[in-house]
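Down below is the structure, laid out as structure tokens.
Since every read-out is calculated from the coordinates, none of them should be taken as a lab result. Just so you know, these numbers come straight off a predicted model, no measurement behind them. Here Cβ is always computed from backbone atoms with ideal geometry, including for glycine, and neighbour counts include all displayed protein chains.
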Amino acid sequence: LHSWVTACQQQGIPCNDGFKLEAVLGDPVKIRQWNIWGLPKDDFSTENGIAVDQGRRWPLCIDPQGLANKWIRNMEKEAGLLVIKLTDGNYLRTLENALQFGKPVLLENVMETLDASLDPLLRKQTFK
């Protein structure tokens with residue numbers, strides 16, 4: 001990062017050597033609420049929270065300690081979060097209803113491969 005900043009300064013490009021994603025894309029009020037909902041207060045977790053919040057794609061959280069799971073559950077509780085696993089017998093029906101009614105869904109215990117029936121949803125190829 002230091003060499004990048006130096007190169008930019010040599011070219012006359014305005015830049016700041018103290019870059020923080022939180023300062024550029026973060027909303028302090030929203031980040032504080034995330035911390036209340038269980039997101040750890042370290043910079044790495046905050047940057048990942050910003051990526052989840054600002055991203056255009058569905059986030060994949062590798063979460064061995066369960067911190068992201070707890071945060072998402074608390075954050076989306078009021079919106080009627082539906083939690084499903086690929087091993088549930090009716091997960092496709094639950095997912096379809098969630099899409100139809102605009103409910104958030106948390107898909108847990110995802111392994112290396114996903115069911116092919118999820119491909120159109122992950123590619124955002126849905127139709128009304």
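Per-structure values
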{"quantity": "Residue count for region 1-35, restricted to those that are free of Cβ contacts under 8 Å to residues at least 12 places away in the same chain and more than 30 Å from residue 74 (Cα to Cα)", "calculated": "14"}
{"quantity": "Selection within region 74-119 - basic (Lys, Arg) and not in a loop (DSSP other than H, G, I, E, B)", "calculated": "85, 93"}
{"quantity": "Of all residues making up region 83-128, the number that are farther than 21 Å from residue 49 by Cβ and touching a Ser or Thr at 6+ places or on another chain (Cβ under 8 Å)", "calculated": "6"}
{"quantity": "In region 71-116, the residues that are small (Gly, Ala, Ser) and surrounded by 14 or more Cβ atoms within 10 Å (Cβ to Cβ)", "calculated": "98"}
{"quantity": "Test: residue in region 8-21 that is under 25 Å from residue 119 (Cα atoms) and not in a helix (DSSP H, G or I)", "calculated": "no"}
{"quantity": "Condition broken by residue 65, with the remaining ones in (1) in a loop (DSSP other than H, G, I, E, B); (2) of a type in the set (S, T, N, Q); (3) over 21 Å from the mean Cα position of the chain (by Cα) satisfied", "calculated": "(3)"}
